[in-house]
2 protein chains.
Amino acid sequence: MKRVITQMNLPKGRPRDQHADTKILEAALRLLERHGFRAVTLEGIAEEAGVARTTVYRRWPNKAAVVMDAFLTQVAPGIAFPEHPVAVERLRLQMQLLARAFRQGPGLLIRSLIAEAQFDEELRAAVHHGWIAKRRASAKAIIADAILAGELPNDVNADALLDTLYGGLYYWLLIDHEVLTEAYVDSLFATVLGPSSHMAQSKRFDCDRDVPGATSRIRSG
Amino acid sequence: MKRVITQMNLPKGRPRDQHADTKILEAALRLLERHGFRAVTLEGIAEEAGVARTTVYRRWPNKAAVVMDAFLTQVAPGIAFPEHPVAVERLRLQMQLLARAFRQGPGLLIRSLIAEAQFDEELRAAVHHGWIAKRRASAKAIIADAILAGELPNDVNADALLDTLYGGLYYWLLIDHEVLTEAYVDSLFATVLGPSSHMAQSKRFDCDRDVPGATSRIRSG
DNA sequence: TATATACGATGCACGGTGTAGCGAAAAGTT
DNA sequence: AACTTTTCGCTACACCGTGCATCGTATATA
């Protein structure tokens, strides 16, 4: 779908207006912030961008795809894993960044996108690859570092660990949004990793673990 | 507005067809199983039920409300907390019940409902009260029992504990559905509560007493 | 100049929603 | 029995967003 332009592969006709892309995405963000996902239409986005509706359709297949791109360009850069000498602390600090985003505008967007993805397999894949997978890969690398540093036992199930940690955040976002204070995020974190997370919690991990299905989990990321 | 019928408050005119309710809900379930939430329309439900479309609109405000009721009447009875002498085991066994439901037809329904609830505040409240809140109250009571029995430390944060446990399940359901084996559910559980929390024998007792009939429903006329 | 593509503008068929009005049916009330 | 009230099935309709097609025009390359 995406058209890659190289010197070997020159498009023949009138080139696409490069400004149109950003105009459309910015218009989408403006309208989304004002009216929410459901109330926003492709017609409205095109009008707000000063562009014909057909022009939008030439670049994205539907509204969800436009919003997905707008969301990624605006939000994704702001929630990278912070640096910290203690690896596990990097997880906690990033959870706090994510929670802050969830509390504000981006939270509404990601809610809408995940919701819409339940009905649109293509969007679901886009959310997964563009939003979930990258961060999850980074998190797994950090967990590996934490194990090497002795902050976590080496038999930790990284998938289950991340599902419980971030699952708690998404559960709040999508299902039970009452309060999401920094303290509560910390308590989510502490519930899984223990109150002093940078030290291995012998109480939780000292037994031999036999979780036979854990390695059978298939992941794309 | 809910219409409460008592002996003091008799409706004047022609009474509503009592069979229509169940006919509509059953028709909705049949169609949902066959075609999914998005493809199902109120028109189709009414036709399948052998009922006029206006009759459906007199009882529910929109499709999501009908589906919500159909879902609750079918699914909710099947996932009550099983009995077990070890309190914590009751949590684990119920997570397995829920996971089994998530893997099958009901999983698709609850996905659709939670998704739709992101755009419909009324439906969101209905999902919360009819689906989430009751089970969460039961779970908290069980946690209290577990603390009394010495299975959990008495300073445990029940909310955070449940958010991480069930958050992991819903995270799988809504965002990252690859495989959800029993073993993986156990590893989610073990990640939060430690492998030592009585994962030995799982005797299963049927116990449907958690769902006392009609739950809170959103209705129009 | 010839070719190829994007542009804005317009029109349109499609499908589902939610409401309104109709006469008939089914209950209670007098 | 006559009256009142409410639901019933049915039909009709306005509304809205979608997605596609088409048109003449603009802007690039060969």
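The values are calculated or read from the model by the stated rules, or taken from the named source; none is laboratory data. On a predicted model such as this, the values are computed, not experimentally measured, just so you know. Note: ideal-geometry Cβ built from the backbone for every residue, glycine included; neighbour counts use all protein chains shown. Note: accessible area is taken over every heavy atom of the protein model, side chains too, but ligands, DNA and RNA are not part of it. Shrake-Rupley method; radii C 1.70, N 1.55, O 1.52, S 1.80 Å.
Brief remarks follow.
- In plain terms, the chain from residue A:133 to residue A:53 could stretch by 25.6 nm, reckoned as 0.36 nm per residue minus the Cα-Cα distance.
- In the stretch A:140-184, burial by the other protein chains removes 40 Å² or more of 1.4 Å probe accessible surface, compared with the chain on its own, from A:160, A:163, A:164, A:171, A:174, A:175, A:176, A:184.
- Label-point distances for residue B:181 to the equivalent site in the other copies, using a point 7 angstrom along Cα→C-beta, read 4.1 nm when ranked shortest first.
- The stretch A:18-59 - charge dipole about Cα centre, Lys and Arg +1 at Cβ, Asp and Glu -1, debye rounded to 20: 100
- Per-copy distances of the residue A:22 label point, shortest first, in nm (7 angstrom along Cα→Cβ): 6.4
- If R0 is 22 Å, the Cβ-Cβ spacing of residue B:43 and residue A:122 corresponds to a FRET efficiency of close to 0.25.
- Solvent exposure of the stretch B:71-169 as accessible area per residue, Å², 1.4 Å probe: 33
- If you take the alpha carbon atoms of the stretch A:73-203 and fit the smallest convex hull around them, that volume is 108 Å³ per residue.
- Length gained when the stretch residue A:97-residue A:73 is fully extended (0.36 nm per residue, less Cα-Cα span): 7.0 nm
- Accessible area that becomes buried as B packs against A, both chains, 1.4 Å probe, Å², nearest 100: 4200
- In order through the stretch A:93-102: 3J(HN,Hα) via Karplus (6.51 cos²θ - 1.76 cosθ + 1.60), integer Hz, x for Gly, Pro: 5, 6, 4, 5, 4, 4, 5, 5, 4, 4
- Summing charges over all other residues whose Cβ lies under 14 Å from the Cβ of residue A:123, with Lys and Arg as +1 and Asp and Glu as -1, gives 0.
- Phi angles of the stretch A:108-123 translate, via the Karplus equation with coefficients 6.51, -1.76, 1.60 and θ = phi - 60°, into HN-Hα couplings of 5, 5, 5, 4, 4, 5, 5, 4, 4, 5, 5, 10, 9, 4, 5, 5 Hz per residue; Gly and Pro are given as x.
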